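The values are calculated or read from the model by the stated rules, or taken from the named source; none is laboratory data. Since we're looking at a predicted model, the values are computed, not measured. Cβ placement follows ideal geometry from the backbone for every residue including glycine, while neighbour counts extend to all protein chains displayed.
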Amino acid sequence: MNVTGFTDIGLKYEVNQDCYLAGRINDSLYWMILCDGMGGLAYGERASRIVSETVCEILRDNLSGMNSIADISELITYTLRKANSRLLDESHSLQGDIMMGTTAVLAVVRNREAVIAHCGDSRAYHFQRNTLTQITRDHSIVQDLLDSGKITVEQAMNHPNKNIITNALGVERGLKIDIDTVRLRKGDMLMLCSDGLSNILTSDVMCGILSDTDFYSSAEELVRRALEEGAYDNTTALVLKV
C-alpha cells in the first residue's frame, strides 16, 4: 500500500486549518487522519493539529496489537474520544474558554479491510474500477435536509448553509462517531478530503482525476483542480492505494 497527500490554503484565508497525517505500522497495516479545524485566528489550526497528533500517538503505540476489525473499531472510537477530551481541556485552559474545534475523518487499513470513522463533514471515498463511492455521510444541516427530501442534490451544492456542521471534536464531551467498513481490492484507492475539495469538485470530476492521474500526483492534482475552480477554503486530499 502507498499513501500520498496534498493541502493548500485556498484563495480566501490566511491560515491553513486543515491538517493530515499518515503512518505505516507494517506492510499490511496503515492509518491516515485528516482534520479541518474551526475557530478564529490560529485556534482552528491548533485544534486540527492537536487531534491529528493525538491520533498519531495512540495508533502508533497500540495499533499493532489489534487482531480484528472489531478491535480496530474500538481503538478508533477510544482514540477520537481521547482527542476530543484533550481538545476540550485545551480550550478550557485558555483565557475566556476559547472554543476551537475540528472535523475528523480517520481510516485504518488492515489486510485490505478499511475501517473509517468520521465526525463532521470531512469525507472518505472508495475508488474501485473507475467508480467513486462516498463512504461517509456528512454531519451537516444540508445533509439532514437532503436526507429528508427537502432539497435536491443540485440545491445542496449551492445551499447558503452548506458549511454549517452538526458534529465536531472540541464542542462537547458527548462526541458522535460514525464507523464504516470497506473491503478493498488490489488497485483500489481510499480518499479522504476536507470540504474545501468536496464543495468544489463533483464526484465525477474526482473520479476522472483518480482514473487518469499517476497515483503519486493524484492528491496534488485534486487540490490543483479545485483551486482552478475557485476553491476559497483550505483544501486537502489524502489518498491510499492498494
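The number of residues in the stretch 21-40 that are out of contact with any Gly (no Cβ under 7 Å at 6 or more places or on another chain) and not in a strand (DSSP E or B) comes to 3.
Quick grid of which residues meet (1) surrounded by 14 or more Cβ atoms within 10 Å (Cβ to Cβ); (2) part of a strand (DSSP E or B); (3) out of contact with any helix residue (DSSP H, G or I) (no Cβ under 8 Å at 6 or more places or on another chain):
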residue	(1), (2), (3)
173	no, no, no
179	yes, yes, no
191	yes, yes, no
205	yes, no, no
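Considering only residues that are among the hydroxyl-bearing types (Ser, Thr, Tyr) and within 21 Å of residue 73 (Cβ to Cβ), look in the stretch 103-150 and name the one that is surrounded by the most Cβ atoms within 10 Å (Cβ to Cβ).
Of everything passing the filter in the stretch 103-150, 122 is surrounded by the most Cβ atoms within 10 Å (Cβ to Cβ).
Evaluate the following for residue 185: is it in a loop (DSSP other than H, G, I, E, B) and at pLDDT 95 or above? Criteria met by residue 185.
Just one of the listed residues (120, 101) is farther than 20 Å from residue 203 by Cα and either polar (S, T, N, Q) or touching a strand residue (DSSP E or B) at 6+ places or on another chain (Cβ under 7 Å) (or both), namely 101.
Considered as a group, the residues in the stretch 6-47 that are crowded, with 21+ Cβ neighbours inside 10 Å and among the small types (Gly, Ala, Ser) include one that is farthest from residue 106 (Cα to Cα), and that residue is 10.
Contact annotation: residue pairs with Cβ atoms under 8 Å, 6 or more positions apart or on different chains, pairing a residue in the stretch 5-20 that is part of a strand (DSSP E or B) with a partner that is acidic (Asp, Glu), are 6/220; 7/18; 18/36; 19/45.
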